[in-house]
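Computed from the coordinates by the stated procedures, all read-outs in this text should not be read as laboratory data. None of the values given here were measured: they were computed from a predicted structure. Please note: Cβ atoms are built from the backbone with ideal geometry, for glycine as well, and neighbour counts cover all protein chains shown.
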Amino acid sequence: MLRIAVQSKGRLYEDTISLFQEAGIKISSSKRTLLVQSPNFPIEILFLRDDDIPQTVANGVADLGVVGENEFLERDEDALIIKRLGFSKCRLSLAIPKSETYNGIEWFNGKKIATSYPGILSKFMKDKGVDVDMHVITGSVEIAPGIGLADGICDIVSSGSTLISNNLKEVEVVIKSEALLIGNKNLSEEKREILDELIFRIDAVKAAEDKKYVLMNAPTSKVKDIIEVLPGIKSPTVMPLATEGWSSIHTVLDEKCFWQIIGKLKSLGAEGLLVLPIEKMIP
């Protein structure tokens, strides 16, 4: 059985549990305790603070972990990045008061910066050749300039609304972050097999994102022209209809592609277009 460390609350928790559920893995959230076992897949979920997850995976208390890239880089623990999960995206950025004129990274030379990520910030500033005075605090970093604690901040930014409400402006992106699936370096063969099945399920869910199953009817004489327009997976399925001279065309498209080519399809005689969501897609 695999033990997976997951953040105990927040957006990353919600996105992770949603991914597992879409992959057909049941996780009880109504009776959530520190450790919860799935009733239909050989994993158990260990709920932790996000900053504890890298160390927990590195020392083998958990086999896997789902953690933000920002926390993984900051903790610098000896664990493997198994897969980028593509959700809970954000960025770690430098911000300063709106009233300040910013002419480049040199602005921060000799300035006091409040942050919860001293490791990442220190490396970034060293690479840029800038000397800063770091003030390490946890929580409510954005208020530091307003109360005179720091000249600027280095903090997580998603929408930027928190910066705006504190009269700050984003001036530099330090790193871009997303959810990572990390793993212990010494998994047993049995656990690797379970991991392979888990990755297979995750890939099937991710492959279906933004994909639509599209069905349409068209004159048989126009099928070849329509197929040339469709950027689908391999060759579309074409089936004759009961009405002579007409065919049904089935394909899988990116949703963005569909809206770009719908006009061409209709001009070629396609009608009765039906667009369906896809839950899973096996590569």
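Taken across segment 92-103, residues that are farther than 19 Å from E172 by Cβ, under 20 Å from the mean Cα position of the chain (by Cα) and aliphatic (A, V, I, L, M) do not occur at all. Scanning segment 210-222 for residues that are under 19 Å from W259 (Cα atoms) and either without any contact (Cβ under 8 Å) to a residue 24 or more places away in the chain or of a type in the set (V, I, T) (or both) gives a single hit, V214.
Entry remark, segment 16-30: residues being under 18 Å from S88 (Cα atoms) and surrounded by fewer than 17 Cβ atoms within 10 Å (Cβ to Cβ) number 2 in total.
A single member of K234, K185 is touching a strand residue (DSSP E or B) at 6+ places or on another chain (Cβ under 7 Å) and assigned to a loop (DSSP other than H, G, I, E, B), and it is K185.
Considering only residues in segment 239-266 that are part of a helix (DSSP H, G or I) and among the aromatic types (F, W, Y), the one that is farthest from K206 (Cα to Cα) turns out to be W259. Got a number for residues in segment 1-19 being part of a helix (DSSP H, G or I) and out of contact with any Leu (no Cβ under 9 Å at 6 or more places or on another chain)? Of the residues in segment 1-19, 6 are part of a helix (DSSP H, G or I) and out of contact with any Leu (no Cβ under 9 Å at 6 or more places or on another chain). Among the residues of segment 114-164, those that are without any contact (Cβ under 8 Å) to a residue 12 or more places away in the chain and of a type in the set (S, T, N, Q) comprise S140, S159, S161. Counting only strands (runs of 3 or more DSSP E) that fall entirely inside segment 31-140 and contain at least 2 residues that are surrounded by 15 or more Cβ atoms within 10 Å (Cβ to Cβ), the qualifying elements are 43-48, 64-68, 80-84, 90-97, 112-115, 133-136.
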